[in-house]
Amino acid sequence: MYPTTITSWASIIAKTLVDYGVDSEDLFEKAGLDYSHLTDPNSRYPFSAMTRLWNMSVDATNDPCFGLSTINHWHPTIFHAFGYAWLASNTLKEALERTVRYIRIVNTAARASLTEVVEGYIFQLDMDYDNNIIEPSPAGLDAGFAMLIHMCRVSYGEDFSLLRVELQHSHSKCADRYAEYFDTQILYNCDNNRIIFEKNILEKQLPTANVILALNNDNIVSNYLSNMDKNDIVMQVKTKLVNNLASGVITEKQMAELLNLSQRSLQRKLQKNGVSFKELLSETRKDLSLLYIKDRHMSLTEITYLLGFSEQSNFSRAFKKWTGQSPRTYRSVA
């Protein structure tokens, strides 16, 4: 299937074009995009047409820095529920991990990674596009990085800073604008598009953290992605697990019934993805436990129940296997 972009991402282009006095509806039409879809939060545009729109917007405004200008119209809903989950994360590291996990909601051609290195953390953004699709627009990348850093500043506060930004595109007339906005060293003509963060900044507890709000929006995002790609059996299983764990232990047979599949069919589909139901169950429980444990308002008994364990001792054994520490010890230093 061809790559797509959520239309709410396109809305920032429409609003920024208006700032420049450009007829946004006309430009959308010329790019081959239905302007009326902007009012549908679940609609999506072809990535190739969105790339054309970015390039046409740069030409129409005669502003090579157009991508950076879109930051004036940032809002969490640009990224659907993912935007709110991001802002409610415990740390910027957790927020960026959500970006890696959910970036497909914004653009199915996008791939992100977060890697810990000696100097800190490297966030890298790659675009998967075949030879029949035009190369991604630098303006779109600029907008994406600008939005990401804006969200970091909103969550972290005035003391937020970067180590370095590395861009694949060449040095341009926007160099001064880049330097002013990112306020750090910027390297051009690099092999990858990357942002390098300080470790202590990414791992610091955020004042805006809200575990329950983040998890609720995670659930909305998971359901959206599951509906967007009905063939993604791994996402479907994880979504069903999150929605049903609190009702008790879920067996592979019960999961197959929830997905209207035979148990054998479910096994084959998961096997094609190189994973088993048991592994997904453990992975989902682990991910949720690490989020729940940071909310000190939640008792260990409550967490045990939410993860589908029958006894707290069973949860404690599983948690120690995942982290090497008991839940109480982990919570005391988290």
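Of all residues in region 61-94, how many are outside any helix (DSSP H, G or I) and either closer than 19 Å to residue 7 by Cβ or touching a helix residue (DSSP H, G or I) at 6+ places or on another chain (Cβ under 8 Å) (or both)?
Residues of region 61-94 that are outside any helix (DSSP H, G or I), as a first pass: 62-65, 74-75, 80, 88-91.
From what is left, the residues that are either closer than 19 Å to residue 7 by Cβ or touching a helix residue (DSSP H, G or I) at 6+ places or on another chain (Cβ under 8 Å) (or both) are 63-65, 74-75, 80, 88-91.
Qualifying residue count, region 61-94: 10.
Examine region 174-183 for a residue that is without any contact (Cβ under 8 Å) to a residue 60 or more places away in the chain and closer than 22 Å to residue 83 by Cα, and state whether such a residue exists.
yes
Under 9 Å between Cβ atoms, at least 6 apart or on separate chains: pull out the pairs that start in region 308-331 with a residue that is basic (Lys, Arg) and end on any residue that is loosely packed, with under 13 Cβ neighbours inside 10 Å.
Sorted first by the residue in region 308-331, then by its partner, the pairs are 331/296.
Taking region 95-109 as the region of interest, how many residues are crowded, with 21+ Cβ neighbours inside 10 Å and either touching a Leu at 6+ places or on another chain (Cβ under 9 Å) or in a strand (DSSP E or B) (or both)?
7
Yes/no per residue for (1) assigned to a helix (DSSP H, G or I); (2) under 25 Å from the mean Cα position of the chain (by Cα):
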residue: 274; (1), (2): no, yes
residue: 280; (1), (2): yes, yes
residue: 285; (1), (2): yes, yes
residue: 290; (1), (2): yes, yes
residue: 298; (1), (2): no, no
residue: 305; (1), (2): yes, no
residue: 316; (1), (2): yes, no
residue: 328; (1), (2): yes, no
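Name, by its number, the condition in (1) outside any loop (DSSP other than H, G, I, E, B); (2) aliphatic (A, V, I, L, M); (3) more than 18 Å from the chain's Cα centre (by Cα) that does not hold for residue 213.
Against the list (1) outside any loop (DSSP other than H, G, I, E, B); (2) aliphatic (A, V, I, L, M); (3) more than 18 Å from the chain's Cα centre (by Cα), residue 213 comes up short only on (3).
Could we say that residue 45 is surrounded by 16 or more Cβ atoms within 10 Å (Cβ to Cβ), touching a helix residue (DSSP H, G or I) at 6+ places or on another chain (Cβ under 6 Å) and part of a strand (DSSP E or B) here?
Spelling it out, residue 45 is indeed surrounded by 16 or more Cβ atoms within 10 Å (Cβ to Cβ), touching a helix residue (DSSP H, G or I) at 6+ places or on another chain (Cβ under 6 Å) and part of a strand (DSSP E or B).
Can you name every residue in region 207-219 that is within 14 Å of residue 152 (Cα to Cα) and surrounded by fewer than 18 Cβ atoms within 10 Å (Cβ to Cβ)?
207, 208
For residues in region 263-287 being under 22 Å from residue 218 (Cα atoms) and either among the polar types (S, T, N, Q) or not assigned by TED's automatic domain parsing to the domain that holds residue 241 (or both), which is surrounded by the fewest Cβ atoms within 10 Å (Cβ to Cβ)?
If we take residues in region 263-287 being under 22 Å from residue 218 (Cα atoms) and either among the polar types (S, T, N, Q) or not assigned by TED's automatic domain parsing to the domain that holds residue 241 (or both), then 282 is surrounded by the fewest Cβ atoms within 10 Å (Cβ to Cβ).
Is it true that some residue in region 229-243 is touching a residue at least 24 places away in the same chain (Cβ under 8 Å), of a type in the set (Ser, Thr, Tyr), within 22 Å of residue 102 (Cβ to Cβ) and surrounded by 15 or more Cβ atoms within 10 Å (Cβ to Cβ)?
No, region 229-243 contains no residue that is touching a residue at least 24 places away in the same chain (Cβ under 8 Å), of a type in the set (Ser, Thr, Tyr), within 22 Å of residue 102 (Cβ to Cβ) and surrounded by 15 or more Cβ atoms within 10 Å (Cβ to Cβ).
Output the number of residues of region 15-73 satisfying the condition of being basic (Lys, Arg) and farther than 24 Å from residue 128 by Cα.
2
The values are calculated or read from the model by the stated rules, or taken from the named source; none is laboratory data. What you are looking at is a predicted structure, and each value in this text was computed from that prediction instead of being measured. Quick reminder, even Gly has a Cβ in these numbers, built from the backbone with ideal geometry, and neighbours come from all protein chains shown.
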